[in-house]
Amino acid sequence: MTTMTSIRNDSRKHGTLSVLAMFSAAALLALSACGGGSDKSGDDSAGKSDNAKSQTLAADEWVSNFDDFKEAADWDTAKVVTLDLGTDSLKPASLALVAGQPYEIEISNSGEADQGISAPDLFRGSAVRKTESGAEIKLTLFDGVYVAAAKKVSLFIIPVIPGSYEMVGMADDKPVAGMTGTVKVSGDVPTKPAPKMENISTAGVPAGAEDLITKARPTWDKDATAVTITMGDNGDAHFYNPKNTVLKAGVPATITFVNKGNVLHVYEAADFLKTAALWKVTGANGWCTGGLARPADVEAGVETSLYVIPTKAGSYPLTDSTPGMESMKATITVE
Ligand SMILES: [Cu+2]
């Protein structure tokens, strides 16, 4: 499987899943909805249903080329929309968005406890760039955004597939009765770029991840290996400390990246993260749950924690491929 290996390496180099996703998308073009202009696939049998599918989000589909939307968008024109998590209510209970338009959804929590929203269908049908939760959090196919009491989290998102999507208010990992809302995405499916719809199984979330997390969550604090990886810079020398972090397969791990340096550093550990079940990634103001973690920026003075369960033994690279950061090389070893 030389081809697969080279694709994987390539995707790691670029720091995102997009290369891998695009290759798979090309192969699946004939089978999946791709918006307008997909006729050239030459597969007549798939043509008609493609069109219908491109108007609504089919079960188990997601916008796999989210990165194309992120790159094409002019984020200076992002519309700011606010959503408050109040006591037992979402304010407003309905958000009206337009497909293809970049948004910053500013989610505040005026309640007294930590709360969040779960909206996995909206996220599947959108290109989600990131959240800013007191740390940059980049997740693929995640399900929830949580905000600490009295804090704010920004969600940078481009809705892609029009439709009506449910938001469910969450506290203590449970839906809050009556705390529901709707995101109505109007307009047409964008064509530049056009969405590449894939089955969610192509996203690379390890099989059984959700069950592993559900079982581990109640006793996480007691069971988890807590490790801190410091990111630093000393003149031209940039580094992670320690050089090797050892985890155990099947044992929950809370990995905290702390940037004690003066400049922004990135964690890239795609090969490791593809084998890890993910509970959440946290910043000072909130966190996001589920899916697959992608490389993210950690600004000077910031810390972020990844709650994961490694599932596969191996030695995995941790790098920052930003030019000038070549000295940032470390290893995550799973025994
Ligand atoms: Cu760096």
Any chance the range 270-280 includes a residue that's surrounded by fewer than 23 Cβ atoms within 10 Å (Cβ to Cβ), in contact (Cβ under 8 Å) with a residue 12 or more places away in the chain and within 14 Å of the ligand (Cβ to nearest atom)?
-> no
Among the residues of the range 206-245, count how many are in contact (Cβ under 8 Å) with a residue 12 or more places away in the chain and either hydroxyl-bearing (Ser, Thr, Tyr) or surrounded by 14 or more Cβ atoms within 10 Å (Cβ to Cβ) (or both).
-> 21
Quick one: Asp188 ticks every box in (1) closer than 24 Å to Arg124 by Cβ; (2) in contact with a Leu (Cβ under 8 Å, 6 or more places away or on another chain); (3) of a type in the set (Asp, Glu) bar one, so which box is it?
-> (2)
Check whether at least one residue in the range 156-165 is within 16 Å of Asn285 (Cα to Cα) and either assigned by TED's automatic domain parsing to the domain that holds Ala293 or touching a residue at least 24 places away in the same chain (Cβ under 8 Å) (or both), and report yes or no.
-> yes
Within the range 135-167, work out how many residues are within 18 Å of Asp114 (Cα to Cα) and open to solvent by less than 30 Å² (accessible area, probe 1.4 Å).
-> 11
Selection from the range 303-335 of residues assigned to a strand (DSSP E or B), of a type in the set (Gly, Ala, Ser) and within 16 Å of the ligand (Cβ to nearest atom) yields Ala330
Options Asp121, Asp68; residue that is within 22 Å of Gly290 (Cβ to Cβ) and not in a strand (DSSP E or B) = Asp121
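With a cut-off of at least 1 residues that are of a type outside the set (Phe, Trp, Tyr) and under 20 Å from Glu268 (Cβ atoms), name the strands (runs of 3 or more DSSP E) lying wholly within the range 186-245.
Details: elements: 197-199, 225-234, 237-241.
Per the criteria, 225-234, 237-241.
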Count of residues meeting criterion [of a type in the set (Asp, Glu) and within 16 Å of the ligand (Cβ to nearest atom)] in the range 208-254 = 2
When both residues are 6+ apart or on different chains and their Cβ atoms are under 9 Å apart, which pairs have a first residue that lies in the range 65-89 and is within 30 Å of Glu112 (Cα to Cα), and a second that is open to solvent by 20 Å² or more (accessible area, probe 1.4 Å) and in a helix (DSSP H, G or I)?
-> none
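The values are calculated or read from the model by the stated rules, or taken from the named source; none is laboratory data. Fair warning: this is a prediction, and the values are worked out from it, not measured in the lab. Cβ coordinates were reconstructed from backbone atoms using ideal geometry, including for glycine residues, and neighbour counts include every protein chain displayed. Note: accessible area is taken over every heavy atom of the protein model, side chains too, but ligands, DNA and RNA are not part of it. Shrake-Rupley method; radii C 1.70, N 1.55, O 1.52, S 1.80 Å.
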